[in-house]
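Here's the structure, in structure tokens; my notes come after.
The values are calculated or read from the model by the stated rules, or taken from the named source; none is laboratory data. Predicted, not measured: the structure shown is a model, and the values here were computed from it. Cβ: placed from backbone, ideal geometry, glycine included. Neighbour counts: every protein chain shown. What goes into the accessible areas is simple: the full protein's heavy atoms, side chains included, and nothing from ligands, DNA or RNA. Shrake-Rupley method; radii C 1.70, N 1.55, O 1.52, S 1.80 Å.
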Amino acid sequence: MPFQMSTTGVAGRSKGKRETFYVPAPEHASRRVEQEDEIRMKRRRVEGQNLATDNVSVIEGEMATISCRVKNNDDSVIQLLNPNRQTIYFKDVRPLKDSRFQLVNFSDNELRVSLSNVSLSDEGRYVCQLYTDPPQEAYADITVLVPPGSPIIESREDVVSEGNETELTCTAIGSKPAASIRWMKGEEELTGEATVEETYDRMFTVTSRVRFSVTKEDDGVPVDCIIDHPAAKDLMAQRHLEVLYKPEVKIVVTYPEGLTREGDNLDLTCIAEGKPHPNQINWLRVDEDVPPHAVVTGTDLYIENLNKSYNGTYRCVASNAVGEAYDDYILYVYDAPTTIPTPTTNPVNTQDSRAGEGAPQKIDHAVIGGVVAVVMFAILCALIVLGRYFARHKGTYFTHEAKGADDAADADTAIINAEGGHNNTDEKKEYYI
């Protein structure tokens, strides 16, 4: 008990009153100091006992593991609580009647528990609790991932014509979190527009749309809808484009293999490919009529006994439901050779294919030989003509002796003899060619 002291008659105070003072006993003061030291020591021990855990992400239907770890435990009790603050494990005892929770490890420093067949209802914040003074808590958030179902890819139209725009839609249903969608056309990545819709059960449906124009090269090209999600790998849907395009036309010379000459036959074949396949192929002669004896059989044009009046542009026109296209062949008929030279090179093709685009012609050695022969013949003829001309136009002159200049006495007599008397003198003539 505390020591009691009373005083009376103290100056300044009312006479006859008594005041009592309490002085703590020495043993009580020392006990209080000990209690304060004990509290400080406990706080230090609590601060040294670090309770830790980790957040967990798990795919729906798989297993999650929660680990409550303690550093420097002093035999304090560890327990695990569910999001509703119900005890799952108290030390190594499971009060909760849910057999999906199983003890994996229990020691002074860890309580590890597994949860199998996780569902969305298991998602939430779990509590690791350490019974210290005051108690410690650490929180492990379980996030349940739900992969989307198989993506569905749809097209606005099944078939599209070249030059037109098409639209594809890809949908990923029922995922958590929301999936992302990428588009690939062959090796080219496309940019789509995505919309995200959240359903009542915290699930998401994502829809992506992509638009692009197509060409004939896109026919048969795959378009992939690729799903990116943390709970799914290699999830995609694919659709092949079907593109209609107008024909591609090419004229092939079947005969002859070299130059087209007078008297030869000509055989042309029209090759046309398109989608759908060309339903009509026609032959015509640009700006003129086809020769009357020309024969058209399907895709072939046959003309026999060529002459120069057949020169011109022959056109093959092919058409289908998308459009029409054509290819041109320019016919030029050469003179028939007077002699048949020995072939020294391979035959050449003189086709001028596609309107406005002429195929380069190769040099024909027979033609060159003919030209050289004609030139040499012309030179020889010119020499003969010149010789005959000079032979007919000969030059005549009188020599000094023929005029009688030697017999004249003086110059005047010589002149007179030259003017009148040279008819009876002998003439000396020179001819030059």
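Rounded to the nearest 20 debye, the dipole magnitude of the stretch 79-232 is 1080 debye, with +1 charges on Lys and Arg beta carbons, -1 on Asp and Glu beta carbons, and the Cα centre as origin. Take 285-292, 206-213 and order them by the average number of nearby Cβ atoms within 10 Å per residue, most first; the result is 206-213, 285-292.
Each residue of the stretch 143-148 is assigned a 3J(HN,Hα), and the resulting list reads 10, 9, 9, 10, x, x Hz, derived from the Karplus form 6.51 cos²θ - 1.76 cosθ + 1.60 (θ = phi - 60°), x at Gly and Pro.
Kindly flag which residue pairs out of Lys275/Lys308; Lys185/Lys233; Lys185/Lys275; Lys185/Lys250 have an alpha-carbon separation exceeding 28 Å in this structure. Before the final figure, lay out each step's value.
Numbers: Lys275/Lys308 38 Å; Lys185/Lys233 20 Å; Lys185/Lys275 21 Å; Lys185/Lys250 30 Å.
Those over the limit are Lys275/Lys308; Lys185/Lys250.
Assign one of three labels to the stretch 147-241, namely rounded, prolate or oblate, based on the Cα gyration tensor with a ≥ b ≥ c the square roots of its eigenvalues; rounded applies when a/c is under 1.5, prolate when it is not and a/b is larger than b/c, and oblate otherwise. Intermediate values should be presented prior to the final figure.
Working: a/c = 2.75, a/b = 2.07, b/c = 1.33.
Prolate shape, in that a/c is at least 1.5 and a/b is the bigger ratio.
Surface exposure of the stretch 212-319, expressed per residue as accessible area with a 1.4 Å probe, stands at 51 Å².
Taking K and R as +1 and D and E as -1, what net charge do the other residues with C-beta under 15 Å from the C-beta of Phe204 add up to?
Charge balance near Phe204 sits at -4.
Ignoring ligands, DNA and RNA, what percent of the accessible area of the stretch 86-172 is carbon or sulfur (1.4 Å)? Provide the component values of the computation, followed by the final result.
Details: 1880 of 4290 Å².
The value for the stretch 86-172 is 44 percent carbon and sulfur by accessible area.
Rounded, prolate or oblate: which fits the stretch 189-318 when a ≥ b ≥ c are the square roots of the eigenvalues of the alpha-carbon gyration tensor, with rounded for a/c under 1.5 and prolate only if a/b beats b/c? It is prolate, given that a/c is not under 1.5 and a/b is the larger ratio. Hey, how many Å between the Cα centroid of the stretch 220-274 and the Cα centroid of the stretch 294-333? Taking the Cα centre of each part, the stretch 220-274 and the stretch 294-333 sit 23 Å apart.
Of the solvent-accessible surface of the stretch 230-322, computed with a 1.4 Å probe over protein heavy atoms with every protein chain present, carbon and sulfur atoms account for 45 percent. Phi angles of the stretch 233-247 translate, via the Karplus equation with coefficients 6.51, -1.76, 1.60 and θ = phi - 60°, into HN-Hα couplings of 10, 6, 9, 7, 10, 9, 9, 9, 6, 10, 10, 8, 8, 5, x Hz per residue; Gly and Pro are given as x. For the stretch 148-205, the solvent-accessible area of protein heavy atoms averages 58 Å² per residue (probe radius 1.4 Å; ligands and nucleic acids excluded).
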